[in-house]
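Below is one structure, written out as structure tokens, with a few remarks after it.
The values are calculated or read from the model by the stated rules, or taken from the named source; none is laboratory data. None of these values were measured; they are calculated from a predicted model. Ideal geometry is used to build each Cβ from the backbone, glycine not excepted, and the neighbour counts take in all protein chains shown. Accessible surface areas use protein heavy atoms only, side chains included; no ligands, DNA or RNA. Shrake-Rupley method; radii C 1.70, N 1.55, O 1.52, S 1.80 Å.
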Amino acid sequence: MALKTLSTFLSPLSLPHHHHSNSNLKFIKFSTRPTLILCKSTVVPDTQSESEGTGAAAPTRGDRFLEIQQAKEAAKIVLREIKKTKKKKKEKVLKVNMAVSSCYGCGAPLQTSESDAPGYVDLNTYELKKKHHQLRTVLCGRCRLLSHGHMLTAVGGNGGYSGGKQFISADDLREKLSHLRHEKALIVKLVDVVDFNGSFLARVRELAGANPIILVVTKVDLLPKGTDLNCVGDWVVEATIKKKLNVLSVHLTSSKSLAGIAGVASEIQKEKKGRDVYILGSANVGKSAFINALLKTMAERDPAAAMAQRYMPIQSAVPGTTLGPIQIDAFLSGGKLHDTPGVHLHHRQAAVVHAEDLPALAPQNRLRGQSFPVASENGIADEFISNGLNGFSIFWGGLVRVDVLKVLPDTQLTFYGPKSLQIHIVPTDKAYEFYQKELGVLLTPPTGKDRAEGWKGLEIERLLKIKFEDAERPASDIAISGLGWITVEPICRSLIKSNINLEEISEELHLAVHVPRPVEVFIRSPMPVSKAGAEWYQYRELTEKEQEVRPKWYC
């Protein structure tokens, strides 16, 4: 059998839409002896502690066996390289305090005293693992429950809890990232495309300092069917340059389908230059899922990443799953990969809903906009034919209420967010009574009358005055932090008449948006989603100087 080099495992990386870049990656050649494989139906790899699903897309036993063999071979190579490095120079001092062993799933320090606190491990298990120097392979009790779908929050003030001795404060988590601005590092900053404004981290410069940033937009697979990512990529870059950050490039990705992940891996290898890499983002933005996808992609060409796949961070819908820095030996060429605790933002919906309602805020499938009024064969619904939405209130679950104060008769509102949040429309003069009666029943979350009794309600009201200048495109988006967005179309595209005179009807649209305290509401330029977005989106003309400094985007 001919010997194979590591280069045979290379896979093509995604290329930029605007230019091609060369990567100066160096790969170490290695060889393995032919291994006799006995196929037995009873053999099950013992390293897979959790089910990976069933069906045609599930890994076969053969796939799992090969992954284990590759990880073992990768481990041998990594150990040889470490020995060579130690002979040349002393290993770099770790930036993370490793005096106390931590759970590899969430980063919480291991402890044996408080069973209901993060990091808890049975004393006998702890002593056995310590004796055999295997503490780095320990998963704490909380992470085991999270991996089985239990909703266990551990950050005070989030998930409906005020906190306690077993909780960690959001400020404590942010403090664990304070050292970044004083170090030379490469920052990979994640932003949720469904909650772009709410998850962007407005004060990211305080955490990253002057370090270069690779901006990764996650969950693009959730965008409505027919969305042109060329338009979305340009829209993201336009929004990013206004932040005045040191952004090297922008990547549109999906950790679920691995779309765009190879491009991020290539950019990291190109820009890392021996520095440590930190994955940074708000809580529940998808950092752990992104790291798992990144390691899976890198494992095809980097044995260190292949070995690191055996102990990966836990993924869950609970904000604050990661409670401490998790250091991952993912690069054979030097430098570490760090999963960091999510930055908890008090202005997102996740900070106010109960822990068991958190999954309702996370879209699981492709978004489909729900429009009001609903177009019909004869135009809009009969009850809105004369005055449109004026005088009506629209409830988005129990979390948002939009009062339509003054709009054009043809104005249409389209809601983009999780399908589990039902939308109801009632006359504004009956809205308060409807909310009090149906909260926890038709209007969820909060789910159930028990949780509704402790709910403080929609305490914040924002009066919005929206101007529009073009009948061919939406006027703006109203983004609700931690939930989704509402597109405002002053003149419904399906109802545009050829005799419309924009100058005669040009005026402001007046809306009142009610949300829980302290959730924020953002007004932004409309995101070009679905097939219609590609039709009305306009690319801005750039100067030569702008083209030089403007970050490139990839997908």
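What to note about this one:
- In Å², nearest 10: area of ILE460 left accessible to a 1.4 Å probe: 40 Å²
- Separation of the ILE68 and VAL549 label points, Cα + 7 Å toward Cβ, nm: 5.6 nm
- Restriction of the GluC sites (Glu not before Pro) in segment 432-473 to DSSP coil positions whose beta-carbon has at most 15 other beta-carbons within 10 angstrom yields GLU459, GLU469, GLU472.
- Solvent exposure, largest accessible area first (probe 1.4 Å, DNA, RNA and ligands not counted), of ARG275, ARG144, ARG524: ARG144, ARG275, ARG524
- ASP234 sits among other residues whose Cβ lies under 13 Å from its own Cβ, and their net charge, with Lys and Arg +1 and Asp and Glu -1, is -1.
- Between segment 248-318 and segment 326-374, the Cα center-to-center distance that results, in Å: 15 Å
- Heavy atoms of LEU345 accessible to a 1.4 Å probe, total area in Å² rounded to 10: 30 Å²
- Other-chain or far-sequence residues with amide H under 5 Å of PHE331's (modelled H): LEU337
- ARG451, ARG203, ARG462, ranked by accessible area, largest first (probe 1.4 Å): ARG203, ARG462, ARG451
- Accessible surface, 1.4 Å probe, highest first, among residues VAL441, VAL191: VAL441, VAL191
- Here segment 535-555 and segment 218-232 have alpha carbon centers that stand 18 Å from each other.
- For segment 218-270, size of Cβ-based charge dipole, Lys and Arg +1, Asp and Glu -1, in debye: 200 debye
- Filter on LYS72/LYS273; LYS272/LYS552; LYS419/LYS465; LYS219/LYS296; LYS131/LYS296 - keep pairs with C-alpha separation over 21 Å: LYS72/LYS273; LYS419/LYS465; LYS131/LYS296
- For segment 202-254, a Kirkwood radius taken over Cα pairs fed into Stokes-Einstein (37 °C, viscosity 0.692 mPa s) yields D = 269 µm²/s.
- Here the calculated FRET efficiency for GLU507 and HIS148, from their Cβ-Cβ distance with R0 = 45 Å, stands at 0.25, rounded to the nearest 0.05.
- Fully extending the segment from LEU405 to ASP470, taken as 0.36 nm per residue of separation minus the present Cα-Cα distance, adds 21.3 nm.
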